[in-house]
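This is the structure I have questions about; it appears just below.
Derivation of every value follows stated rules applied to the coordinates shown; laboratory data play no part. Since the structure is predicted, the reported quantities are computational estimates derived from the model, not experimental observations. Ideal geometry is used to build each Cβ from the backbone, glycine not excepted, and the neighbour counts take in all protein chains shown.
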Amino acid sequence: MNLKINRLQHIGLPITNLQTSQAFYEKLGFGAVMQAGFAYEGGQGQVAMMQRGDIVIELYQMPEPELSRVKQRPDGRIDHLAFDVDDIEETYALLKKEGFPIVEAQPLFLNFWARGCRYFNVLGPDGERLEFCQIL
């Protein structure tokens, strides 16, 4: 298999208060490089990508107030590892052909970054999520 992964793109971290978490990571030398909202089961969540050097942390707050209490994701504190790829369609087709357990029926679009990104997730042997993402 000739899978091309450029680098670790980001680590997704579910948080309860975006402003508090941003301030914490800013004290560690991280700066916000992207902020956006996202829809989730009828609510509106918030995300901020925080970067220091080559390290990017995705801080995301699920919709408040009911969804964040009722719909806790079972992934723990580190939600996923994301790998940067050049061609999301090619990567998806290759991993599907190789039989990897892909979560999404096709790569999805998020209105993150300047022009958006496309991504999909693969489940590892212990249920860990590995995201493959192309920033557009």
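When the chain is treated as a GNM, springs tying every alpha-carbon pair under 10 Å, which of Met62, Met49, Met34 comes out with the largest mean-square fluctuation?
With Cα springs under 10 Å in the chain, the top fluctuation among Met62, Met49, Met34 is at Met34.
Mind checking the dipole of the chain: about its Cα centre, +1 per Lys or Arg Cβ, -1 per Asp or Glu Cβ, Debye to the nearest 20?
On the way: 13 positive and 18 negative charges, 41 e Å.
Its charge dipole is roughly 200 debye.
Among Gln61, Gly124, Asn2, which residue has its Cα furthest toward the positive end of the charge dipole of the chain, with +1 on Lys/Arg Cβ and -1 on Asp/Glu Cβ?
The listed residue farthest towards the positive side: Gln61.
Then there's this: Taking a ≥ b ≥ c as the square roots of the eigenvalues of the Cα gyration tensor of the chain, is the shape rounded (a/c under 1.5), prolate (a/b larger than b/c) or oblate?
Because a/c hits 1.5 or more and a/b exceeds b/c, the chain counts as prolate.
Using amide H atoms built in the peptide plane, which far-off residues or other-chain residues are under 5 Å from Tyr40 H to H?
Sorted by chain and number, the residues that satisfy this are Gly45.
Moving to a separate point now. For helix 88-97, what angle does its Cα long axis make with the longest principal axis of the chain, in degrees from 0 to 90 and rounded to 10?
60 degrees
With everything on Cα atoms, drop me the angle between helix 18-27 and the longest principal axis of the chain, reported from 0 to 90° to the nearest 10.
90 degrees
Among Asp54, Asp87, Asp79, which one shows the biggest mean-square fluctuation in a GNM of the chain, springs joining Cα atoms closer than 10 Å?
For the chain, modelled as a Gaussian network with Cα springs under 10 Å, the answer is Asp54.
Next question, about the same structure. Out of residues 5 or more away from Phe112 or on other chains, whose amide H comes under 5 Å of its own, with H placed 1.01 Å from N in the peptide plane?
It is Cys117, by chain and number.
Among Trp113, Leu28, Val103, whose Cα lies farthest out toward the positive end of the dipole of the chain, if unit charges sit on the beta carbon of Lys, Arg (+1) and Asp, Glu (-1)?
Going by the charge dipole, the pick is Leu28.
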